[in-house]
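Student: Right, I'll just put the structure down here and ask away after.
The values are calculated or read from the model by the stated rules, or taken from the named source; none is laboratory data. This structure is a prediction, so every number in the text was calculated from the model and none was measured. Neighbour counts are summed over all protein chains in view; Cβ atoms, including those assigned to glycine, are modelled from backbone coordinates with ideal geometry. Accessible surface is based on the protein model in full, side chains and every heavy atom, while ligands, DNA and RNA are left aside. Shrake-Rupley method; radii C 1.70, N 1.55, O 1.52, S 1.80 Å.
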Amino acid sequence: MLDYDLSSRGSLSRFEYLYRRIRDDIASGTLAADEKLPSKRQLSRQWGVSLITVESALGQLVAEGYLIAKERRGYYVASLGKLPSPTARPLPEHVPGTFREQLQIDTSRLPVQPDAGALALWERSLRGVLAGEDLDEAFSALTPQGLPRLQADIAHLVAHTRGMQVDPGQIVVGAGAQVLYQLVAELLGADAVCAVEDPGFPRIAKTYEAAGRRAVPCRLDGEGIRMEDLEASGATIVHVMPSHQFPTGRVTSIARRYELLGWASEDPARLIVEDDYDCEFRLAGHPIPSLASIDAEGKTIYIGTFSKSLGPVVRAAYAVLPPAVAARFQERLSFAAGTLGVIDQLALARMLEDGSYESHVARYRRQVKERRDLLMGELASALGESATFEEADSGLHMVLALSLSEAWQGREREAEERLVAAARKEGVGLAALSSYARLPISRDGHARFVLQYERLSEGDIRRFARIIGELAEKEL
């Protein structure tokens, strides 16, 4: 009984794995109602985990009603009653995010596992907070916009790295960029129309729409979002990624940036959201200046994140609000609770203050560049002259363009879908550029794929290139 193999827990923590296994055994009837569990110490020895881990798992199950804790007697399985038998329904052949996907190499999505260096840095910083910070003082200073200390540190960061001179009071800290997208939507009027880049990051449009705001897709050209589409959209706000657009990787030209600022200045209600999600990782030349740094009229809401540099370990982001929008925040949302915990905010502050965050970013940038260079070299060898790499210097992903034979001209999307499906059968995740678009994409005889490569190992990179080379020759 309760003989669980923790070596098969994958990416789950020991607590999460044990909690799920016991819960599922109770729900399935493997553990019968009123059955007594072994003692906590016995389970700790049996599983080879700490007593705290066992207590946490059992405590969670008690809180949810799966177990009953009887004083001085131990833990007993609760009676759940007769559960309805689920009707088995076959899953579609490919359902993103389900157990049916057994992808060994995946360039189609953001990595789930944290970078080892980021994990170690975060652990050190958290320990420093718990050992050396005055938490009573920190909690007393908490505001809806974040800890004043962290606000000041971020103001220094954007001044140093993005050329933005801002008051710390303009900064709002949140638990990830999506929280800040929701914040922006709340600050807009109920009838606001939001223009979004197309192709683009799907979560942006969905977040605005979930808040009841209409999101209008606007096509891109070689310089950024098309101004004709923006003018025709009737939008009062435009959400752009000028330093490294996802998924195309394009950098908005300086001329287009001034056009966007001109558009915003024509109407007091208009605003620009600058989403600068991976600005630290330009792999050649100097960082592209932020749009907000050349905005003299206070029309740009700047959003930055720590999630690209620190990975899924830290869901933390920040928005720099122009003065008028900051005042609107105080009027409408000053009652709201902050979304990022105080301990996490203090850990971030320490990393920014002691220079460890900057050192980590520099190390990770070098590491990513090595992976990028190896990937380009391996793909070039495997695919030959049919392969070109677009916007490979801008950040943490690039676009692979494959020139197609005459037989595939006009059928580029079909070619993309064919290669994506063939790669998936080989355990390889590949994303077509067209899968990020709501509007038709202009075609030029190339199939394009978005490669998110930042956590691939050297072995994965070589295997990925070999498989894609073989499949491209066979399928296209």
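Student: How do the pairs read when you match residues in the stretch 268-280 that are on the phi > 0 side of the Ramachandran plot with residues anywhere that are modelled with pLDDT under 90 and part of a strand (DSSP E or B), using Cβ under 7 Å and keeping only pairs 6 or more apart or on different chains?
Tutor: none
Student: For the stretch 383-403, which residues satisfy the criterion of being closer than 17 Å to residue 441 by Cβ and open to solvent by 20 Å² or more (accessible area, probe 1.4 Å)?
Tutor: 388, 390, 391, 403
Student: Sticking with this structure for a sec: Restricting attention to the stretch 161-180, report how many residues are assigned to a helix (DSSP H, G or I), within 18 Å of the chain's Cα centre (by Cα) and in contact (Cβ under 8 Å) with a residue 40 or more places away in the chain.
Tutor: Residues flagged as assigned to a helix (DSSP H, G or I), within 18 Å of the chain's Cα centre (by Cα) and in contact (Cβ under 8 Å) with a residue 40 or more places away in the chain within the stretch 161-180 amount to 3.
Student: Restricting attention to the stretch 439-458, does a residue exist that is open to solvent by 50 Å² or more (accessible area, probe 1.4 Å), more than 18 Å from residue 105 (Cα to Cα) and of a type in the set (Gly, Ala, Ser)?
Tutor: Yes; the residues of the stretch 439-458 include at least one that is open to solvent by 50 Å² or more (accessible area, probe 1.4 Å), more than 18 Å from residue 105 (Cα to Cα) and of a type in the set (Gly, Ala, Ser).
Student: What are the pairs, 6+ residues apart or on separate chains, where a residue within the stretch 148-160 that is closer than 14 Å to residue 326 by Cβ has its Cβ under 8 Å from a residue that is open to solvent by 20 Å² or more (accessible area, probe 1.4 Å) and of a type in the set (D, E, K, R)?
Tutor: As it stands, the answer is 155/167, since those pairs meet every condition given.
Student: So which residues in the stretch 431-455 are closer than 23 Å to residue 365 by Cα, touching a helix residue (DSSP H, G or I) at 6+ places or on another chain (Cβ under 6 Å) and modelled with pLDDT under 95?
Tutor: 453, 454
Student: Quickly run through the stretch 293-324 and pick out the residues that are under 26 Å from the mean Cα position of the chain (by Cα) and farther than 26 Å from residue 344 by Cα.
Tutor: Once the filter is applied, which keeps residues that are under 26 Å from the mean Cα position of the chain (by Cα) and farther than 26 Å from residue 344 by Cα, the stretch 293-324 yields 293, 299, 300.
Student: Related question: Looking at residue 466 and the list (1) over 22 Å from the mean Cα position of the chain (by Cα); (2) over 24 Å from residue 371 (Cα atoms); (3) not aliphatic (A, V, I, L, M), which single condition is not satisfied?
Tutor: (2)
Student: If I ask for residues that are open to solvent by 30 Å² or more (accessible area, probe 1.4 Å) and touching a residue at least 24 places away in the same chain (Cβ under 8 Å), which ones from the stretch 422-434 would you list?
Tutor: Within the stretch 422-434, 424, 426 qualify.
Student: Exactly one condition in (1) open to solvent by 20 Å² or more (accessible area, probe 1.4 Å); (2) at pLDDT 95 or above; (3) in contact with a helix residue (DSSP H, G or I) (Cβ under 8 Å, 6 or more places away or on another chain) is not met by residue 463; state its number.
Tutor: (3)
Student: If residue 226 passes every condition in (1) surrounded by 20 or more Cβ atoms within 10 Å (Cβ to Cβ); (2) free of Cβ contacts under 8 Å to residues at least 24 places away in the same chain but one, which one does it miss?
Tutor: Among (1) surrounded by 20 or more Cβ atoms within 10 Å (Cβ to Cβ); (2) free of Cβ contacts under 8 Å to residues at least 24 places away in the same chain, the lone unmet condition for residue 226 is (1).
For (1) within 22 Å of the chain's Cα centre (by Cα); (2) within 30 Å of residue 473 (Cα to Cα); (3) basic (Lys, Arg), each residue gets a yes or a no:
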{"site": "353", "(1), (2), (3)": "no, no, no"}
{"site": "374", "(1), (2), (3)": "no, yes, no"}
{"site": "389", "(1), (2), (3)": "no, yes, no"}
{"site": "392", "(1), (2), (3)": "yes, yes, no"}
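Student: Consider residue 367 against the criteria (1) over 21 Å from the mean Cα position of the chain (by Cα); (2) closer than 19 Å to residue 457 by Cβ: it satisfies all of them except one. Which criterion is unmet?
Tutor: (1)
Student: Among (1) within 30 Å of residue 357 (Cβ to Cβ); (2) open to solvent by 60 Å² or more (accessible area, probe 1.4 Å); (3) modelled with pLDDT under 85; (4) of a type outside the set (A, V, I, L, M), there is one condition residue 3 misses while meeting the rest; what is its number?
Tutor: (1)
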